[in-house]
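This report concerns only the one structure given below.
Read the figures in this text as sums done on the coordinates, not as results from a lab. Because the structure is a prediction, the values reported are computed rather than measured. Virtual Cβ from ideal backbone geometry, glycine too; neighbours counted across all protein chains shown.
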Amino acid sequence: MRAISMSLEEDFSYAEGGVAGLRLMGGDIFPGTPVDVVIRRATNTDPFLGPRGWQSSEFRWRSGNSRAEGTDVIVPLGPLVGSWLEDYTPLEFDLPGLDLQGSAVWSDISPPGSDVQSKGRTMGPDGGDSFGDASAPPPLPPHPTQQAPTVSVTPPEPETAPLDLKAAREAPDDILANRAASDGTTPVTGSPSPEPPKPGFPWWLVAVLVVLLLAGAGAAYSLLVMDEGTTVTVQPDSPPVVGEAAPLPTQDERLTAAVAAVDRGQPDDAIQALRALDAENHGPTLLYLARAYDSMDFQPGLASKPNDIEALKLYARACEANAAGAQESLRTLEAALRERVNQGDRITGETLRLAYPPAATACGL
């Protein structure tokens, strides 16, 4: 089989949770097709993962619909797989139908429900669906069909024919009666009542208003005109002074603060910053994380136990980010791993066989 780089991560495309996304870096798979996956661990006793736990014979898990993400391919593994695995478990994956193999560490995957394992009791010993169903759900639910909005159309009001004034003068009672019948009003017959006479406008009130206006204008003028030659200058308001924003901390400063939190025995305060720097491919951060997982001179802190497979992957990324010291640390770890293999450690031998070559290539060794 052809060895390729793999990694595991939570597949948030599935709302029920507990689904792991096996990322194949450069895997030639047509997106949308399920994949058969064999999951192994580096041991001679019950090395294969089956529907009822670890077993001695090979078991082929049927994945969900694979999909492309950039140049990678995501293969969803259903919650039945994760129900038997613990965090930081190194695993090996074979994809027989594609002649591909690789390794990854099971970590940070949401645990499935307690009743998931019961779905595997009816499966045969050779293969079954990782979701516990005949067919896995699609990676993303379809969008609901949108209905066209309902538009209310109000019919136009019927037009009213204009009143013929000439005819109304000639036959007022008939015309007005027909007009009232059409619009529902009460017809008016006979001559209209004369309007009451409008009282005349009191001219004495005009004279009073003129006098008051002249007096007010004089008072306003006397207030505005001050001593002759005096100029009143109105200064505009000064614009508010806006202070300069404090500069954002650099990547190195953020790493220094996170390392200080770990050294104080508070790794939870550093996790968010380290994950952000990891996502930014900050070389010194990747090197720091690799050494935190490295079994050489391991000290519990950020990690509770060593994980050389994860360390090798992080050393490879640190070399790609040109982190100073990554090559030397990788050489030191390789020498220690080979010494363990010479002492008969078969699990370490599998780690060197599967996880070390990509790291050595990335670091130019």
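Summary table
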{"read-out": "Solvent-free Debye scattering, log10 I(q)/I(0), computed from the Cα coordinates of the range 251-362 at q = 0.11, 0.13 Å⁻¹", "value": "-0.35, -0.48"}
{"read-out": "Estimated inter-spin distance, residue 328 and residue 250, nm [label 7 Å along Cα→Cβ]", "value": "2.1"}
{"read-out": "J(HN,Hα) series, the range 351-359, from Karplus relation 6.51 cos²θ - 1.76 cosθ + 1.60, nearest Hz, glycine and proline x", "value": "4, 5, 5, 9, 9, 6, x, x, 5"}
{"read-out": "Taking 315, 356 and counting other C-beta atoms within 10 Å, the order from fewest to most", "value": "356, 315"}
{"read-out": "Sparse-neighbour loop sites [trypsin sites (Lys or Arg not before Pro); the range 246-327; at most 11 other C-beta within 10 Å; DSSP]", "value": "264"}
{"read-out": "Quarter of the Cα convex hull surface for the range 2-129, i.e. its orientation-mean projected area (nm²)", "value": "7.2"}
{"read-out": "Filtered chymotrypsin sites (Phe, Trp or Tyr not before Pro), the range 58-135: DSSP coil and at most 10 other beta carbons within 10 Å", "value": "none"}
{"read-out": "Euclidean distance of C-alpha centroids, the range 38-53 and the range 310-332, integer Å", "value": "30"}
